[in-house]
1. Along the charge dipole of segment 9-101, which of Pro19, His59, Thr71 sits closest to the positive end, that is, farthest toward it, with unit charges on the beta carbon of Lys, Arg, Asp and Glu (+1, +1, -1, -1)?
2. Hey, if you drop one equal point scatterer on each alpha-carbon of segment 33-162 and run the Debye formula without solvent, what base-10 log of I(q)/I(0) do you get at q = 0.09, 0.10 Å⁻¹?
3. Efficiency by 1/(1 + (r/R0)^6): what FRET value for Ser35 and Arg230, r their Cβ-Cβ distance, R0 = 25 Å, to the nearest 0.05?
4. Segment 99-149: which trypsin sites (Lys or Arg not before Pro) are DSSP loop and have at most 13 other beta-carbon atoms within 10 angstrom?
5. Keeping every protein chain in place, order Arg57, Arg25 by accessible area at 1.4 Å, biggest value first, i.e. largest first.
6. In segment 192-231, what chymotrypsin sites (Phe, Trp or Tyr not before Pro) fall in a loop by DSSP, with at most 14 other Cβ atoms inside 10 Å?
7. Taking +1 at the Cβ of each Lys and Arg and -1 at the Cβ of each Asp and Glu, which of Leu184, Trp151, Thr164 sits farthest along the dipole of segment 73-197 towards its positive end, judged by Cα position relative to the Cα centre?
8. Quick check: at a probe of 1.4 Å, how many percent of the accessible area of segment 20-145 sits on carbon and sulfur atoms?
Amino acid sequence: MNSIKAHAVHCLTASGIIPAALAMREVAAADCEPSIVFLYLLLTTLIDAIDGPLARRFHVKRYADTIDGRTIDDLLDYLTFAFIPLMLVWRMNWMPDGLGWTVTFAMAASLFGFAHRDAKDETGGFFRGFPSYWNIFAFYAGILYTLSGPWQVAILLWILAGLTVAPVRLIYPNLAPRPWRLWLLSGAGVWACLILAMLYDYPHPPIGLTLASLIYPAFYVVASIWLAARAVTAAKRDIS
């Protein structure tokens, strides 16, 4: 029974390929509708959010050790967090004329980010570098494009591509220390609901709703800076 449960978790992780394929199919459509792409990507994010805790709960490394769930997870994460949303940005011409191809800089940065040996500090609860949240970037890129044009989108993309391979640390919500974990996961749930509401009028959601949706990303960044600084201070204290 333990083996069945563990393998079922692997199947859940692998099931993310279905909404991923549907998202890519929509990107390739002649009349691509970004809101549909984001709905599929939101589903893949939900799967990604719950499979990790389930894997730890059912001890997949012990009872389904012939399959490396981390490999499945990383492959799907690259597709759904990086490749597909960045292809959407290029497909929708949200970048300046002639510079859409530079989304490949972000794709390459994410390849190195995922391949870095210290990409995830599961003990400390941090990601190394910008954790390739290109699906979130792409969502706001469509709105930013409609408000101020393509150059702001391009500049933000290039900055985040650099941060992806930089030695900065951002919090891993599922492994954040208590009580931060509760706030981060609860906030993510509320934020996801706001994103769903914004999809109705995407890429022209009400400005108030857009500003409200930015509260959680701002909180995430501030919490990451605070916890990373506290971890450095604690490490120095232990050395001394």
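The values are calculated or read from the model by the stated rules, or taken from the named source; none is laboratory data. A quick note: this is a predicted structure, and the numbers were derived from the prediction, not measured. Note: ideal-geometry Cβ built from the backbone for every residue, glycine included; neighbour counts use all protein chains shown. When the accessible area is computed, the model is the full protein with side chains, heavy atoms only, and any ligands, DNA or RNA have been set aside. Shrake-Rupley method; radii C 1.70, N 1.55, O 1.52, S 1.80 Å.
1. His59
2. Results for segment 33-162 at q = 0.09, 0.10 Å⁻¹ read -0.30, -0.36.
3. Efficiency computed from Cβ-Cβ geometry: 0.05.
4. Those that pass, being in a loop and sparsely packed, are Arg117.
5. Arg25, Arg57
6. The qualifying sites are Tyr200.
7. With unit charges placed on the Cβ atoms, the residue in question is Leu184.
8. 62
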